[in-house]
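Participant: Quick one: the structure is below, questions incoming.
Laboratory data are not the source of any read-out in this text; all were calculated from the coordinates shown. Predicted model, so just to flag it, every value in this text is computed and none were measured. Reconstructed Cβ throughout: ideal geometry from the backbone, glycine too, with neighbour counts over all protein chains shown.
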Amino acid sequence: MEEDIKNILADATGRDAADFADNSQDLFESGLMDSMATVSFLLALQDKYDINVPVSEFDRSEWNTIDKIVGKVKELQND
């Protein structure tokens, strides 16, 4: 799942997946993610994992690292 998420992030941001090597790096503070990339990323996550992440309920602090994203996706899959 982690590698898939990194690849989705790379596609959404136009960056290389290697830019997301540090699972604890804050994606927003580092400048790797912005609001446009976030929307694209969430839509791709929803398609890939059959989850629902309403943008209106998106809390950046809960989705700002790879580790947190993996946790949120697993949590949403179990709902």
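Participant: Report the net charge of residues surrounding THR13, where surrounding means a beta-carbon distance below 12 angstrom and charges are Lys +1, Arg +1, Asp -1, Glu -1.
Facilitator: -2
Participant: Counting other Cβ atoms within 10 Å, keep those with at most 15, restrict to DSSP loop, and tell me which chymotrypsin sites (Phe, Trp or Tyr not before Pro) in the chain are left.
Facilitator: Answer in residue order: PHE58.
Participant: What is the magnitude of the charge dipole of the stretch 1-43 about its Cα centre, with +1 placed on the Cβ of each Lys and Arg, -1 on the Cβ of each Asp and Glu, and no other charges, expressed in debye to the nearest 20?
Facilitator: Taking the Cα centre of the stretch 1-43 as origin, the dipole is about 140 debye.
Participant: In which sequence would SER24, SER56, SER30, SER40 go, from the one with the fewest C-beta neighbours within 10 Å to the one with the most?
Facilitator: SER56, SER24, SER30, SER40
Participant: Determine the calculated [θ] at 222 nm for the chain from helices alone, applying -39500 (n - 2.57) to every DSSP H run no shorter than 4 residues and normalising by the residue count; nearest 500 deg cm²/dmol.
Facilitator: Helix contribution divided over all residues of the chain: -16000 deg cm²/dmol.
Participant: Within the chain, which trypsin sites (Lys or Arg not before Pro) sit in a loop by DSSP and count at most 16 neighbouring Cβ atoms inside 10 Å?
Facilitator: Listed in order of number, the matching sites are ARG15.
Participant: Let me ask something else about it. Just how large is the dipole of the chain about the Cα centre, in debye to the nearest 20, putting +1 at every Lys and Arg Cβ and -1 at every Asp and Glu Cβ?
Facilitator: It works out to roughly 80 debye.
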